[in-house]
Structures are given as structure tokens and as C-alpha cells.
1. From the list Leu291, Leu287, exactly one residue is open to solvent by less than 40 Å² (accessible area, probe 1.4 Å), in a loop (DSSP other than H, G, I, E, B) and more than 25 Å from Leu192 (Cα to Cα). Which is it?
2. Condition first: closer than 20 Å to Leu151 by Cβ and not hydrophobic (A, V, I, L, M, F, W, C). Can you find one or more residues in the range 31-50 that meet it?
3. Out of all the residues in the range 128-147, which are in a helix (DSSP H, G or I), of a type outside the set (Ser, Thr, Tyr) and either surrounded by fewer than 14 Cβ atoms within 10 Å (Cβ to Cβ) or in contact with a strand residue (DSSP E or B) (Cβ under 9 Å, 6 or more places away or on another chain) (or both)?
4. Would you mention how many residues in the range 312-338 are at pLDDT below 85 and either open to solvent by less than 30 Å² (accessible area, probe 1.4 Å) or touching an Asp or Glu at 6+ places or on another chain (Cβ under 7 Å) (or both)?
5. Does Ala377 qualify as being among the aliphatic types (A, V, I, L, M), out of contact with any Leu (no Cβ under 8 Å at 6 or more places or on another chain) and assigned to a strand (DSSP E or B)?
6. Looking at the range 31-68 only, could you name the residues that are small (Gly, Ala, Ser) and touching a residue at least 24 places away in the same chain (Cβ under 8 Å)?
7. How many residues are surrounded by 20 or more Cβ atoms within 10 Å (Cβ to Cβ) and touching a Leu at 6+ places or on another chain (Cβ under 6 Å) when one looks only at the range 66-78?
8. Which condition number in (1) of a type in the set (Ser, Thr, Tyr); (2) out of contact with any helix residue (DSSP H, G or I) (no Cβ under 7 Å at 6 or more places or on another chain); (3) not in a strand (DSSP E or B) is the one that Thr309 fails?
Amino acid sequence: MPRETWDDAAPRFRPPPGVTLFVPVLIAFVIQVPATIAISVWQRVPVPYAALSVALAAASALALLAARRWPGLTVAVVALLTLADLFVPPDAGPPFVALAFAIVGAVVRGARIWALVSVGVAWLTAVILSGVLSTSWHPFRIAITTLALALCFGIGEGIRSRLEHGEARRRQLAERRTASEQEERTRMARELHDVLAHSLSQIAVQSGVGLHLFDREPERAREALVNIRTLSATGLDEVRGVLSFLRGDEPTTSTAPLTPQPQLAQLPALAAQRTGLGLAVELDDRLAGDLPTSASQATAYRIVQEALTNVVRHSAASRATILLERDADELVVTITDDGSGIAADAPERGGLRGMRERAGLQGGTLEVTAPSRGGTAITARLPWKTLS
């Protein structure tokens, strides 16, 4: 997946915090205060009542300044100011849009209970007082107001649900990105482990031989040094190839020898390279020229490479056999040795775990057993054809 698509769930536009705070205050103030003044003048409301009504309109708008820090308290204060204004002339005042902003803001910011209780109590109190004070409110006005309040709650819930869904989606994508990066690191570690363990273990063995024979058999010591040079050059080429592959570089003619996709045809060279210093490696190829997919071949090669590295480093074996055969739609690769074997309670270390992961990623399995004659047998079963 391209990197650009990771943040598709991020909001396309998010206004600055100052806008979400001050715009509702400004809108509520502009709608409520001038309209209250105009209606009071038009209805010739006594100055004290008009001043009180204008003060309530202005206070309810300015109270929204605290909506971000105290959303619950803000909706309670605005609901109380709105309730008071209902019983202060002029009767046909402008709608208190500040209450709508306070309800939506409280629900979005997680103060839903505050909003429900404050608005519910205020509206119930208004309906009861209207009956007690014999204030004639048309049933249509009561119904419209109730629906408007419910609509404000619905808008708040919709916005909150969308924000929560977006946040959950971003968390999911962040977790997916982390998992992908971890998988990529694991893949890089596995590739480099296969290459470096193979080359460095051989270099370590050859250097030990060279030191041991330096004085007594200088020719064999020289041969060991030549082998070290060859192994180091080959290892560096393979590391460059792996890194080029992991970076996604396009292969060119100059980098073709560095490709990190070895095939089964390279197993004879690998077996010959491992043979020596008391270890004989044999290749028993029963495929008769019939080969599986390139991916299965590369996986099989890496498994054989790691298995032979473990034989050299840990088993003290004198003989190892690589068996290649086909079983229906599976490539079966078996590596056996006559070494010390693996203890039943031994923990599964990086090399064996890497082989198992490689087989699993290709859709196959890997089994480690201890033959009755001793030693260790590693059997990998890989799909012959690419999985659909």
C-alpha cells in the first residue's frame, strides 16, 4: 500500500481551535443581542425589562467562551439564562441560539449527561411555570421548541459519532502501520540473518583452520585465507542484494548477480561450499528437472542454507543430507544430519524460528524431528504452485 493512503481516514479539514471557540460566541451574540434590542424598541418594552432581556441574551452568548474547558457547566448556565429570558419581556424575543451551541458542544465534548439533565430540567420548569403564571404558550410553540431541542441533541450525537469513528479509524491505521513496520523489520532481520549467518559462520570456521595450520601447513592455511576472501566477497554481494531488494530498487544488468532470490539450482554449490573440515554434505535431488515456483525455490534454498549453518555451528555432525522431492502439490525438502541433535526441551531460537516463519509465509509447514539413528531432521513442505 502506498504511504499516502495511510492517513485517508484523517479529517480533510479541521478548523483552528480559536474558530470553534469564538465563532459560536460571535454568531450567538450577533443574533440575540441586536434582535432583542430591536424587538424591545418595537414593542415598547419598559427599559428595565428590556435591559434585563438584553443582558440575558449577551450573557448566554458570552458564556460559550467557557464551553471548551467546562462544557457541562456551560450548558447548565446557558439553559438557566434561557429559562429566565422566557419570562422576561419581550415575549416574542429571538431564539437563544447560544443554547443550541451549548447543547451540541456539550454532547460532542462528552458532557452528554450534563446537557440532558440541564436542558430537561429547564424545559420542564418552563412548561410548569407557564401554567402556574398563566402564561399563554401555544401548543405548537411548545412542540416546535421540543423538536428543536431534540434536533440539537441529534446534531451533537452525529458530530460526536463521526469524530469517534474517525479517531478509531486513525488508531486502527496507526496500529496497522506499526504492525507493517514491525513485519518489515522482521523480514529484514530474517533476510540479513540468513545471509550473514551463512557467510560469517563459514568465515569463522575457515579462520580457525587458518590459525591452526598457519605454522605446520602453510599451504592449507593459505587455502583457508583464500576461502575467507571468497566468502566475504560473496557475503557482501548478497547483503547488497538483500538491501537493494528491501529498498525496492529496480534490478539492472549491473545488479543482477546481487539478486536475493536464490533458486534450487544453486543448492549443489551450497552443498559443495559446506563440505569440508570433517563434514560431508550430499544433495539427493529427486525432482528430475521439475521445479516449483520461484518463490518456493527461494524459500527452500534459504531453509537449507540456515539448516546447514546450524549443522556447522551446533551439531558436530560428520554427515548431512539434503533431499528434494515432490509429494503431490508440495515441494518436500528434508535436511538430516548425524550430529548431537536438539534437546526436546530446548527453546526455539532465531534460526529455527526464521525457517518456520519462511515456510509459513509461503503457505507451507516446517517440522523438526529426531530420527531414531540420532541427529536432527528438518522437513519443510512448501506449495508447488503459487497460492491463489
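The values are calculated or read from the model by the stated rules, or taken from the named source; none is laboratory data. Every value quoted in this text rests on a predicted model; they were computed, and no experiment measured them. Here the Cβ positions follow ideal geometry from the backbone for every residue, glycine too, while neighbour counts run over all protein chains shown. With ligands, DNA and RNA removed, areas are computed over all heavy atoms of the protein, side chains included. Shrake-Rupley method; radii C 1.70, N 1.55, O 1.52, S 1.80 Å.
1. Answer to the check: Leu287.
2. yes
3. Ile128, Leu129, Gly131, Val132, Pro139, Phe140, Arg141, Ala143, Ile144, Leu147
4. Taking the range 312-338 as the starting set, the residues that turn out to be at pLDDT below 85 are 312-317.
Among the residues that remain, those that are also either open to solvent by less than 30 Å² (accessible area, probe 1.4 Å) or touching an Asp or Glu at 6+ places or on another chain (Cβ under 7 Å) (or both) are: 315, 317.
Count: 2.
5. Details: among the aliphatic types (A, V, I, L, M): yes; out of contact with any Leu (no Cβ under 8 Å at 6 or more places or on another chain): yes; assigned to a strand (DSSP E or B): yes.
Yes.
6. Across the range 31-68, the qualifying residues are Ala35, Ser40, Ala50, Ser53, Ala57, Ala58, Ser60, Ala61, Ala63, Ala67.
7. The total comes to 1.
8. Here Thr309 meets the rest and fails (2).
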